[in-house]
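Single-structure report; data block below.
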Amino acid sequence: MFVLSAHDRSTPVLPQARAKQLKGSGEEQVEESEVRAVEAAFTQVHQTWRKRKRLCMDTLRTLGEAMSTRTDQLLEQYGVDTDEDCGQTLLGSPDEEFSSRVVLRGAEVLAEALTRSDLDGGIRWNCAESLGTLGEAAGNAAAFALAKALLQRKPGQVASETYVRTGLAHSLGRMGSAARGSGAVSLARALQDDRDVLVRRRAAMALGHLGPVAGHLGAQALARALKVDKDFYVRCRCAEALGAGVPTGEEEAKALIQAFLGNETDVRWRCAMSLGKLGPVAGKEGAAALLKAHSDQILAVREHAMRAANMLVTRCLDVLDELVHPYVRGQACWVLGSIGPREEAVEALVAVLLREEISGARRREVDVYLRRRAAEALGCQGAAVGALGALALKRAAEEDPDVYVQWHAAEVFARLPAKLQADPDPGPDAVHGYRRV
């Protein structure tokens, strides 16, 4: 068995030729089949290395986006040693490396052409379209060139024509993680203050295509445009983009709810679908708005609100089983309590309310917080909690170790119909089974 040298990694060599080289060099003779087997093993291990490194770096970038922290700061904060820190270089196959160099060089030429105002606008548009076709492989420098050109829209500058700016925005939306930072900022500014509605529409669509890469600045720009932009189609595109994976928060959810309660049908049903995709972020207000729209006079709004409510419940049920921040899981409880009478929501809230405490101060604190939210959410369900919910509330009022949970469960139980209070009996093993959840 042999180890590939630096020359082997940079120049493609067929197995037959490599076997002849080894035989003619006076070294130990190696059969062609052995060479082929070694190269296949190397390729497999090398691909695994590349895949794991990509997954790790993507995770760190996502974490950094959520914490508003640069990736290099996260690496230093958590003591992560990269391959480069350890003197290891992640090499690709010769064909891959050659193709990558060609792509980067081509992207560099195209980006340079974007900055030349002496070229025809159609040429600059084609350059932008070609960079968008290359996508993330074009690199951060190409995305920065697109972002910079998009903001040069004064007469005589490279993007003074509307169709050029539209092409630039469209291409930025296809750049993936390469558009992180500069691309998202440029699209957000174009959405806020570009004079042409076609550019603003395309910028909103591009931010939606970027998804998490758009960042909080992109989400804020979409929410603001949804509320104040005068163009109907821009507001439609913003409503769609806010449900496309852009990192939304309470302000963005409020903007969607406000637009959903408006009078424009096409904007309303798009807002409904986006609220359904937000999950717990939609909050009690979002769930209540979707529930109220079940009786809306407009068929499109009514049907999309029903679909969105189902999506919202499914997402919140999933969140209760995920290891996410307790506040997010508490929001999921509120949403499940506000979405109307649903058997699966009641069962999930009962499972949270009757969860037994686990040792550990931090875990005990989290469980108490979630049980409080579950008791409040069951109170929103009213008589729809049924016999199982009534028995769970009664048990929590009598046996829960937290005084606040006892008090709130007793208050909710007292508001239930007399029949449920008198005989809350869902079955002999029901509550015992939920306590094991």
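Quick test of your reading of the structure: Ala255 fulfils all but one of (1) at pLDDT 90 or above; (2) surrounded by fewer than 20 Cβ atoms within 10 Å (Cβ to Cβ). Name the failing condition by number.
Failed condition: (2).
Which one is surrounded by the most Cβ atoms within 10 Å (Cβ to Cβ) among residues in the stretch 389-436 that are modelled with pLDDT under 85, within 21 Å of Leu370 (Cα to Cα) and of a type in the set (Lys, Arg)?
Arg435
Quick one: which of Ala111, Ala149, Ala107, Ala137 is assigned by TED's automatic domain parsing to the domain that holds Ala179 and at pLDDT 90 or above?
Values: Ala111 fails: at pLDDT 90 or above; Ala107 fails: at pLDDT 90 or above; Ala137 fails: at pLDDT 90 or above.
From the options Ala111, Ala149, Ala107, Ala137, the qualifying one is Ala149.
Pull out all pairs, ordered by first then second residue, where Cβ-Cβ is under 9 Å, the residues are six or more apart or on different chains, the first lies in the stretch 133-152 and is of a type in the set (Val, Ile, Thr), and the second is surrounded by 24 or more Cβ atoms within 10 Å (Cβ to Cβ).
Once the first residue is of a type in the set (Val, Ile, Thr) and sits in the stretch 133-152, its partners that are surrounded by 24 or more Cβ atoms within 10 Å (Cβ to Cβ) give Thr133/Ser171.
If the requirement is being at pLDDT 95 or above and of a type in the set (Gly, Ala, Ser), which of these qualifies: Ala225, Ala282, Ala244?
Values: Ala282 fails: at pLDDT 95 or above; Ala244 fails: at pLDDT 95 or above.
Testing whether each residue is at pLDDT 95 or above and of a type in the set (Gly, Ala, Ser) leaves just Ala225.
Of everything in the stretch 192-227 that's in contact with a Gly (Cβ under 6 Å, 6 or more places away or on another chain) and farther than 16 Å from Leu168 by Cβ, which residue is surrounded by the fewest Cβ atoms within 10 Å (Cβ to Cβ)?
In this case the residue turns out to be Gly211.
Restricting to the stretch 303-337, count the residues that are over 23 Å from Val267 (Cα atoms) and not in a loop (DSSP other than H, G, I, E, B). If you could, list the steps in order and put the result at the bottom.
The initial filter retains those residues of the stretch 303-337 that are over 23 Å from Val267 (Cα atoms), namely 314, 316-334, 336-337.
Now restrict to residues that are not in a loop (DSSP other than H, G, I, E, B): 314, 316-320, 326-334, 336-337.
Qualifying residue count for the region: 17.
Of everything in the stretch 228-242, what is in a helix (DSSP H, G or I) and surrounded by 15 or more Cβ atoms within 10 Å (Cβ to Cβ)? Give them in sequence order. Walk me through it before giving the result.
Keep residues of the stretch 228-242 that are in a helix (DSSP H, G or I), which gives 228, 232-241.
Result: Tyr233, Val234, Arg235, Cys236, Arg237, Cys238, Ala239, Glu240, Ala241.
Could you pull out every one of the helices (runs of 4 or more DSSP H) wholly within the stretch 121-220 that has 1 or more residues that are under 20 Å from the mean Cα position of the chain (by Cα)? If you could, list the steps in order and put the result at the bottom.
Working: elements: 121-134, 140-150, 162-172, 182-193, 197-210.
By residue number, 162-172, 182-193, 197-210.
Go through Thr265, Thr314, Thr248 for me and flag whichever is exposed (fewer than 15 other Cβ atoms within 10 Å of the Cβ), among the β-branched types (Val, Ile, Thr) and closer than 26 Å to Ala214 by Cα. Even if it seems obvious, please write down each step before you answer.
Working: Thr265 fails: closer than 26 Å to Ala214 by Cα; Thr248 fails: exposed (fewer than 15 other Cβ atoms within 10 Å of the Cβ).
Every option except Thr314 fails the conditions.
Table: residues versus (1) within 18 Å of Gly340 (Cβ to Cβ); (2) assigned to a helix (DSSP H, G or I); (3) among the small types (Gly, Ala, Ser).
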| position | (1), (2), (3) |
| --- | --- |
| Gly245 | no, no, yes |
| Asn263 | no, no, no |
| Leu275 | yes, yes, no |
| Pro280 | yes, yes, no |
| Glu285 | yes, yes, no |
| Val301 | yes, yes, no |
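Select, from Thr59, Thr48, the only residue that is exposed (fewer than 12 other Cβ atoms within 10 Å of the Cβ), modelled with pLDDT under 75, among the polar types (S, T, N, Q) and not in a loop (DSSP other than H, G, I, E, B).
Details: Thr48 fails: modelled with pLDDT under 75.
Matching residue, one of Thr59, Thr48: Thr59.
If Ser186 satisfies every condition in (1) surrounded by 23 or more Cβ atoms within 10 Å (Cβ to Cβ); (2) closer than 22 Å to Met311 by Cα; (3) in the same structural domain as Lys154 (by TED's automatic domain parsing); (4) in contact (Cβ under 8 Å) with a residue 40 or more places away in the chain but one, which is the exception?
(2)
The values are calculated or read from the model by the stated rules, or taken from the named source; none is laboratory data. Please read these numbers as outputs of a predicted model, since none were measured by experiment. Glycine also receives a Cβ, built like all others from the backbone with ideal geometry; neighbour counts cover every protein chain displayed.
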